[in-house]
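Asks: To start, I am sharing the structure in question, which I have written as structure tokens.
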Amino acid sequence: MKRMKDVNGVLWHNFQDYDSKKETGFVGLKNQGATCYMNSLLQSLYFTTYFRKATYQIPTDTDEPQKSVPLALQRVFYNLQFSDNPVDTRELTKSFGWDTLDSFMQHDVQEFNRVLQDNLESKMKGTKAEGAISRLFVGKMKSYIKCIDVDYESSRVEDYYDIQLNVKGMKNLTDSFNDYVAVETMDGENKYRAEGHGLQDAKKGVIFETFPPVLHLQLKRFEYDIERDAMVKINDRHEFAPVIELDQYLSDDAKGKSTTPQRYHLHGVLVHSGDLSGGHYFALIRPEKNGSWFKFDDDRVIPCLEREVFEDNFGGEFQRTGHPNVKNFKRFTNAYMLVYVREENLDEILAPVTEVDIPEHLRRRLEDEKIALEKRKKEREEAHLFMWVKVLTDEHISKHEGFDLCNFEDKQLPVTQVESLKVRKDSTFAEFKKQVGEVLGIAPEKFRLWTMVGRQNKTVRPDVPIYDSLLDWTMTDVAKKYLKAGVNELRLYLETPDKEEGEHKNPQTGQVQYFLPVTEQANHPHFILFLKHYDPVEQKMRYAGKLTIRTKSTRIQDLIPMINEKMGWAPNTDIRMYEEVKPTMIDKLDKYAITFQQAELGDGDIVCFQKVVDPSTLPDATLADVPSYFDNIINRVSVLFKARNKASVKEAEAVDVELDLNKKMNYDQVVKKLADKLKADPAKIRLTPFSQQGKGKDFKRSPTVTVSEMLGIGSMYGTAPSYVILYEVLDIEVSELETKRYLKITYVDKAVKEHGPFDILLPKTARVPEILAATAERVRQETANAKKEEAKKEEVKTENGVNGNSTPASPTTVTGTILLDPARLRLVEAKDNKFHRYLDDNWVQGIADGAQLFVEEKQEEEQAGEADKWIGVFHYYRDPMKTHGVPFRFLVKEGEMFSETKKRLFPRMGLNDKDFGKVKFTVVGPIGRPGPALEDGDILCDKLQSQDTLGADHVDKSGRSTGFRTFEKAIKIFVSVLFDAGLAG
């Protein structure tokens, strides 16, 4: 038996009722599905308290959490500090622009960190906080090639946010740093071609100019294995120390300039547990300068020993002491990212965050939310004591459009806004009536409440009044009496006296009463009838109030003078009446001699009426009577017509239009109605189904195709209220378009500036020369129009005094009209922004759908030698799958140093000197794996294999990235201003 001491008090804990806040003083972050990588980094940034304070200084008082990364990050940090429970990060990921799927996709910690900091840093430009992140996390390193025998050196100084260190073959951090700055001698066949000195022996390497106060070290646990032709995880043992000294890795110039010791203390370890295909991230952090270590594993925080921080995460094999015959096994849990803080800056960077550091508006907002949350919690706990009652009034009915008196719950149709009252279940019905009266401003004796029930025909109507004998009943008892099985909500109709009825005295009691008496014991002869008036001229149905019919023996014809009097019409006005039974049953009341009892009309029934009119005098003869109006409602569907993003859609017509259509309308009728709204030619309108997956096949123009068929819906009442159809207003008739085809073409000028893309319409029989001629004409038109628009803007500025003599206007670049010679152009086909081929004499019909097409001016082709190679060059950012920019074909010359190759590449890249200097070129194999970054002394031609391409790794500033898995697109940052404070060293 082995005796073990439970130092941290969690060795035997099953964590079923574990309270992180109580045990450690800290809380974790909830995992949304696969966000453990993000949680581990957020905890690291949170405990870098200088960064937390800087984040709190971002002005966010008018921001919305789900649209502002800074505010969402502030809220996460605040809750980590003050909450007693694990913190939710959904607001933060929504502010990134992520959906649920993104939260179930695991990203790389380093990539996530860089994307987040890149976006924050870009928003800080031009503010007092500019450079705050750089001063905290950014250092400088120099790449150099120094000749041995002549005084010549080529060097470049670059910023870095983290240092990527090799693990494979390295025993510890010291070995990794030594490997990073190792000097390579370029001699023999690998001599360096120095400008003005020819081929020379030289030394090539990297040296550090500065280290940042907070140093992020990325351990390269994931690498490409050439033998396996796949990415693998390196689980080799790799040791790191609690304290490291890095002075020896500074350049001589840097050592002379700085007196700050480069001594760093380990602050955090981000750990990956698993293999390449999947795994889990957690963080080990030492929050205080000389404090204890804690493990932050999503929503759980536990104390841990130094052995768990270091030895358990070095990787390698687990040594079983005392069991020599038992085989050791590999550790798949090991350090992936290390966070070190410079000793001189420890107190400043890890200084406690107090309430003074937190903006008042943030504290106030979150405290208010906490109070509201506690209120909702209390309401949930007391919910069993209350019930909700809905009360319908005549005013609510008058605002309802459609069938029945109201719509309580069908979410596919507009729901009627009624009074919803929260009532204690043990309160009496009399108390409830008093509450209703106070809310609506009516004395309790001046209204009567009716139960509303669902009939078998799916309508909801007033059924019976709640008798005065129940005034002392509790609301629970009232609900039990009137609610039907399966219904859990009490719905009531509030009846007010008819004007015709007025108030009168009860002959037995002498008390004033406002309604004809009813009792539970006797059937009352009177009933209430609801009236609706249809106006065929306006095509509107309006609520006309209710009538109390004193006896069911009253004849139907007796209703006519009542209606005429109620409407203020002449007594002899000819009207027609219909009973609204249900949406599909509107019965004409033409047997005037029968009684209401014979017609089976009673409490809660609805009679619709209208004046008799000549249909030929109406604006729409198809809606001449009540049945046709209701038939139109049954088949009415709201359709949103959205303009497709086509150049062929005229700017004035490229608007969204919402129309109410009848499901029985055919294609031509739909197009005609849309054309009238757009003031366009219906023969030139093309309709396409809308799909989240992209453009569907155009609707076939046919008089037999109905709206129901176009939308794929039935004819039942209650279908979804809105559908979407895409439309285009073409320059030609749709029938003519069947012989032509659109090509999406981007023109690339000599400065590698993209124009377009343009949608160019050509006959399917056209060939490449016609494509080039059409592109040249389109470019001429677009640039000429742009020049005119810019000139108009300048005129407006001048008229408004912006460009007056007293205040000179800023210079404005107006692009002139571009005139192109089609004979000097060529058509390039690309795939995923990678060069594919030149199209010389292809038919339009033979070009693949969705082909990526560029038109460029022909370059003066260089003559290729026997050993020279033509390759494709493409742009990407970090991952060769994240392509962007304009690809091109390029000649690689035999024996040419890459420093010279870059000079020929520069004019084809479309970058300025500064941005071009940041590009890292790599040879990318046919399966998309990039090799190491090319150095100036490399011979590119010697490194190329069959089907290799040249990749240019740099940030896409165009916003046109089209590659797959583009993580940067997911993060949207609206406001980001960081604390303006410096860190020395």
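The values are calculated or read from the model by the stated rules, or taken from the named source; none is laboratory data. Nothing here was measured: the structure is a model prediction, and the numbers come from that model. Counting neighbours? That spans all protein chains shown, and the Cβs are built from the backbone with ideal geometry, glycine included. Please note that ligands, DNA and RNA were not included when accessible areas were found on the heavy atoms of the full protein model with its side chains. Shrake-Rupley method; radii C 1.70, N 1.55, O 1.52, S 1.80 Å.
Asks: Name, by its number, the condition in (1) modelled with pLDDT of 85 or more; (2) touching a Gly at 6+ places or on another chain (Cβ under 9 Å); (3) over 22 Å from Gly850 (Cβ atoms) that does not hold for Ala751.
Replies: Failed condition: (1).
Asks: Tell me, which helices (runs of 4 or more DSSP H) lie completely within segment 839-950 with 1 or more residues that are modelled with pLDDT of 85 or more and of a type in the set (A, V, I, L, M)?
Replies: On the way: elements: 898-909, 913-917, 940-943.
By residue number, 898-909, 940-943.
Asks: How many residues, within segment 822-837, are crowded, with 20+ Cβ neighbours inside 10 Å and within 12 Å of Ala776 (Cβ to Cβ)? Walk me through how you get there before you give the answer.
Replies: Taking segment 822-837 first, the residues crowded, with 20+ Cβ neighbours inside 10 Å are 825, 827-828, 830, 833-835.
Retained after the next criterion (residues that are within 12 Å of Ala776 (Cβ to Cβ)): 825, 827.
Qualifying residue count, segment 822-837: 2.
Asks: Could you grab the pairs with beta carbons closer than 6 Å, sequence gap of 6+ or different chains, first residue in segment 875-901 and touching a residue at least 12 places away in the same chain (Cβ under 8 Å) and farther than 12 Å from Leu940 by Cα, second one among the charged types (D, E, K, R) and surrounded by 21 or more Cβ atoms within 10 Å (Cβ to Cβ)?
Replies: Tyr876/Lys882
Asks: Moving on. Kindly provide the set of residues from segment 874-913 that are within 33 Å of the chain's Cα centre (by Cα) and among the charged types (D, E, K, R), ordered by number.
Replies: Arg878, Asp879, Lys882
Asks: Quick one: is Lys943 without any contact (Cβ under 8 Å) to a residue 24 or more places away in the chain, open to solvent by 30 Å² or more (accessible area, probe 1.4 Å) and basic (Lys, Arg)? Let's see the steps before the verdict.
Replies: On the way: without any contact (Cβ under 8 Å) to a residue 24 or more places away in the chain: yes; open to solvent by 30 Å² or more (accessible area, probe 1.4 Å): yes; basic (Lys, Arg): yes.
Considered against the rule, which asks whether it is without any contact (Cβ under 8 Å) to a residue 24 or more places away in the chain, open to solvent by 30 Å² or more (accessible area, probe 1.4 Å) and basic (Lys, Arg), Lys943 comes out as yes.
Asks: Here is a further query. When you scan segment 957-966, do you find a residue that is within 17 Å of Tyr877 (Cβ to Cβ) and either at pLDDT 80 or above or not in a loop (DSSP other than H, G, I, E, B) (or both), even just one?
Replies: No - not one qualifying residue is present in segment 957-966.
Asks: I'd like the full set of residues that are without any contact (Cβ under 8 Å) to a residue 40 or more places away in the chain and within 39 Å of the chain's Cα centre (by Cα), limited to segment 136-164. Please lay out each step first, then the result.
Replies: As a first pass, look at segment 136-164 and keep what is without any contact (Cβ under 8 Å) to a residue 40 or more places away in the chain: 151, 153, 155, 159-160.
Selection gives Asp159, Tyr160.
Asks: Within the bounds of segment 452-459, is there any residue that is closer than 17 Å to Leu494 by Cβ and more than 44 Å from the chain's Cα centre (by Cα)?
Replies: Here is the first cut: in segment 452-459, the ones closer than 17 Å to Leu494 by Cβ are 452-453.
Imposing the further condition that a residue be more than 44 Å from the chain's Cα centre (by Cα) reduces the set to none.
No.
Asks: Give me the helices (runs of 4 or more DSSP H) completely within segment 1-98, filtered to those with at least 2 residues that are modelled with pLDDT of 90 or more, closer than 17 Å to Glu369 by Cβ and open to solvent by less than 60 Å² (accessible area, probe 1.4 Å), ordered by residue number.
Replies: Values: elements: 20-24, 36-47, 49-56, 69-82, 90-96.
Qualifying helices (runs of 4 or more DSSP H): 69-82.
Asks: Is at least one residue of segment 766-781 touching a Phe, Trp or Tyr at 6+ places or on another chain (Cβ under 6 Å), open to solvent by less than 40 Å² (accessible area, probe 1.4 Å), under 24 Å from Gly910 (Cβ atoms) and modelled with pLDDT under 85?
Replies: no
Asks: Could you please find all residues in segment 840-866 being within 20 Å of Glu770 (Cβ to Cβ) and either surrounded by 13 or more Cβ atoms within 10 Å (Cβ to Cβ) or hydrophobic (A, V, I, L, M, F, W, C) (or both)?
Replies: Our first condition is that a residue be within 20 Å of Glu770 (Cβ to Cβ); within segment 840-866, this holds for 840-849, 851-858.
Across segment 840-866, the qualifying residues are Asn842, Trp843, Val844, Ile847, Ala848, Ala851, Gln852, Leu853, Phe854, Val855, Glu856, Glu857.
Asks: Residue pairs, Cβ under 7 Å, 6 or more apart or interchain, first in segment 452-466 and under 15 Å from Lys582 (Cα atoms), second charged (D, E, K, R) and surrounded by fewer than 15 Cβ atoms within 10 Å (Cβ to Cβ). List them.
Replies: Qualifying pairs under 7 Å: Val453/Lys484; Arg461/Arg455.
Asks: For segment 48-55, state whether one or more residues are within 27 Å of Ser277 (Cβ to Cβ) and out of contact with any Phe, Trp or Tyr (no Cβ under 6 Å at 6 or more places or on another chain).
Replies: The initial filter retains those residues of segment 48-55 that are within 27 Å of Ser277 (Cβ to Cβ), namely none.
For segment 48-55, residues within 27 Å of Ser277 (Cβ to Cβ) and out of contact with any Phe, Trp or Tyr (no Cβ under 6 Å at 6 or more places or on another chain): absent.
Asks: So, one more: Say whether the condition of being farther than 29 Å from Glu401 by Cβ and either modelled with pLDDT under 75 or loosely packed, with under 13 Cβ neighbours inside 10 Å (or both) is met by at least one residue in segment 703-713.
Replies: yes
Asks: When the residues of segment 141-177 are narrowed to those that are assigned to a helix (DSSP H, G or I) and among the polar types (S, T, N, Q), which ends up surrounded by the most Cβ atoms within 10 Å (Cβ to Cβ)? I'd like the intermediate steps shown before the answer.
Replies: First, pick out the residues of segment 141-177 that are assigned to a helix (DSSP H, G or I): 173-177.
Those left that are additionally among the polar types (S, T, N, Q): 174, 176.
Values: Thr174: 16, Ser176: 22.
In this case the residue turns out to be Ser176.
Asks: In segment 283-297, which residues are assigned to a strand (DSSP E or B) and open to solvent by 20 Å² or more (accessible area, probe 1.4 Å)? Walk me through how you get there before you give the answer.
Replies: Start the filter on segment 283-297 by keeping residues that are assigned to a strand (DSSP E or B), which leaves 283-285, 293-297.
Answer for segment 283-297, where residues must be assigned to a strand (DSSP E or B) and open to solvent by 20 Å² or more (accessible area, probe 1.4 Å): Phe294, Lys295, Asp297.
Asks: Applying the selection to segment 646-661, what residues are closer than 27 Å to Met541 by Cα, of a type outside the set (Val, Ile, Thr) and either at pLDDT below 85 or open to solvent by less than 30 Å² (accessible area, probe 1.4 Å) (or both)?
Replies: Kept after step one, since they are closer than 27 Å to Met541 by Cα, are these residues of segment 646-661: 657-661.
From what is left, the residues that are of a type outside the set (Val, Ile, Thr) are 658-661.
Residues satisfying the conditions are Leu659, Leu661.
Asks: Now, a different point. Which residues, taken from segment 741-783, are of a type in the set (A, V, I, L, M) and assigned to a helix (DSSP H, G or I)?
Replies: Val768, Ile771, Leu772, Ala773, Ala774, Ala776, Val779
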